[in-house]
Ligand SMILES: Nc1nc2c(ncn2[C@H]2C[C@H](O)[C@@H](COP(=O)(O)OP(=O)(O)OP(=O)(O)O)O2)c(=O)[nH]1
């Protein structure tokens with residue numbers, strides 16, 4: 001099977017990956033938007049968990065990761081519920097990790113174990129201990145395939161960075177003692193700037209904050225009214241919307257009308273209708289220099305400044321005034 005990705009290019013993938021890509025739990029991710037409510041307030045903010053999962057798998061492969069780690073990368077988000085992280089706002093889950101809590105049950109109850117067993121792999125060994133996949137996941141503030149892919153993909157597709165810049169970054173990325181690092185401080189500065197465009201400017205864009213708030217309210221109310229049950233969240237975004245709309249509940253229908261791309265909102269810290277904080281996400285990648293690892297912030301005043309600004313903005317949160325909805 002040939003997989004074509006707009007960031008990493010074209011690759012022929014192994015039979016086991018092909019079967020996993022085509023299985024229902026992975027295909028379902030085509031109907032789960034990466035940015036949750038984002039596509040409802042801006043049609044262009046439409047990256048899916050499928051695009052990201054393929055990207056993570058290919059980035060691991062590009063960096064020489066094993067087939068097992070590529071499998072773990074492809075499947076790492078398979079338990080994301082409809083609208084991705086919006087569920088964390090429905091349940092006021094500050095760790096934003098609902099999908100991780102249900103991961104083993106979603107995988108175990110799917111066809112994934114049978115596929116992996118058929119190819120001689122143990123699904124528990126590959127999928128239930130991320131700590132051995134050092135390219136796939138690393139605690140912040142380091143880089144890892146998950147964090148790098150969602151940043152490059154969202155920022156490239158939404159028009160904030162060019163493919164040329166992405167390629168310059170990818171050429172600078174190396175694997176050292178099993179982890180990914182950068183070699184140049186200039187490239188580290190570019191990535192840190194891009195990461196904060198993603199997790200501060202984009203996540204905290206007043207329109208995104210508004211979309212998350214409205215959609216979380218709609219979903220919460222739909223659960224309370226028993227129009228949705230928790231199992232429905234294992235379906236796709238559109239299926240949930242259809243189920244809510246077909247209930248013909250007037251309160252929910254009128255809330256939905258106010259969730260659309262013509263809404264106008266702005267930041268206003270004095271006169272505001274909503275305020276929200278996201279999980280704090282900070283980045284400070286290590287650089288490999290003469291066989292030694294040095295944190296980028298130790299080498300760059302610019303990176304220290306960007307970190308302070310991001311910390312301030314994230315801990316203050318976003319105050320949103322609804323201008324017209
Ligand atoms: N618009 C928007 N998108 C979000 C928000 N939170 C997460 N996302 C989307 C954008 C990214 O593509 C992606 C990042 O979340 P993931 O579940 O893929 O990564 P995770 O939270 O494990 O990343 P981390 O370890 O914290 O770097 O999800 C949010 O509050 N607003």
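None of the figures in this text is laboratory data; all of them are computed from the coordinates on show. None of these values were measured; they are calculated from a predicted model. Don't worry about glycine lacking a Cβ; one is built from the backbone with ideal geometry, like all the others, and counts go over all protein chains shown.
Annotations
- Averaging the Cα positions of each part gives two centres, and for the range 1-79 and the range 151-195 these lie 19 Å apart.
- Segment residue 14-residue 101, length gained on full extension (0.36 nm per residue, minus Cα span): 28.4 nm
- Separation of the range 211-257 and the range 134-149, taken as the distance between their Cα centroids, equals 33 angstrom.
- Peptides 67-73, 90-96, 199-205 ranked from most to least packed give 67-73, 199-205, 90-96, packing being the mean of other C-beta atoms within 10 angstrom over each peptide's residues.
- Global geometry of the range 210-262, whether rounded, prolate or oblate, following the gyration tensor of its Cα atoms and the 1.5 cut on a/c: prolate
- Highest-first arrangement of 231-238, 190-197, where packing means the average Cβ count within 10 Å: 190-197, 231-238
- Rounded if a/c under 1.5, otherwise prolate or oblate - the range 69-224, Cα gyration tensor axes: oblate
- Note on residue 22/residue 119: beta-carbon distance plugged into 1/(1 + (r/R0)^6) with R0 of 22 Å gives a FRET efficiency of 0.95.
- Sequence-distant contacts, meaning Cα pairs under 8 Å at least 6 residues apart, place the relative contact order of the range 212-325 at 30 percent.
- The range 150-215: relative contact order as a whole-number percent, Cα under 8 Å and 6+ apart: 28 percent
- Label-point separation, residue 201 to residue 316 (7 Å along Cα→Cβ), nm: 1.7 nm
- If a spin label sat at a point 7 angstrom from the Cα of residue 130 along the line to its beta carbon, the backbone N atoms of the range 49-63 nearer than 18 Å would be those of 49-61.
- Extension gain for residue 6 to residue 171 (0.36 nm times residue separation, less C-alpha to C-alpha distance): 57.8 nm.
- Rounded FRET efficiency, nearest 0.05, which uses the C-beta distance separating residue 243 from residue 184 and R0 of 45 Å: 0.35
- Packing order of peptides 266-278, 29-41, highest average first: 29-41, 266-278 (average count of other Cβ atoms within 10 Å over each peptide's residues).
- Estimated distance in nm for a label pair at residue 223 and residue 324, the labels positioned 7 Å out from Cα along Cα-to-Cβ: 3.5 nm
- Simple label model, 7 Å out from Cα along Cβ direction - residue 302 to residue 264, nm: 3.6 nm
- Cα-based shape type of the range 1-56, given that a ≥ b ≥ c are square roots of the gyration tensor eigenvalues and the cut on a/c is 1.5: oblate
- Percent of Cα-Cα distances greater than 38 Å, calculated over the chain: 16 percent
- Entry note, the chain: the mean residue ellipticity at 222 nm calculated from DSSP H runs of n ≥ 4, each adding -39500 (n - 2.57), is -13500 deg cm²/dmol after division by the residues and rounding to the nearest 500.
- FRET efficiency, 1/(1 + (r/R0)^6) with R0 41 Å, evaluated for residue 66 and residue 272 via beta carbons: 0.25
- Extent along principal axes [Cα atoms of the range 114-174; Å; largest to smallest]: 41, 24, 19
- Relative contact order of the chain: 19 percent, from C-alpha pairs under 8 Å at least 6 residues apart in sequence.
- Legend: ranking of residues 11, 123 from fewest to most surrounding C-beta atoms inside 10 Å; resulting order 11, 123.
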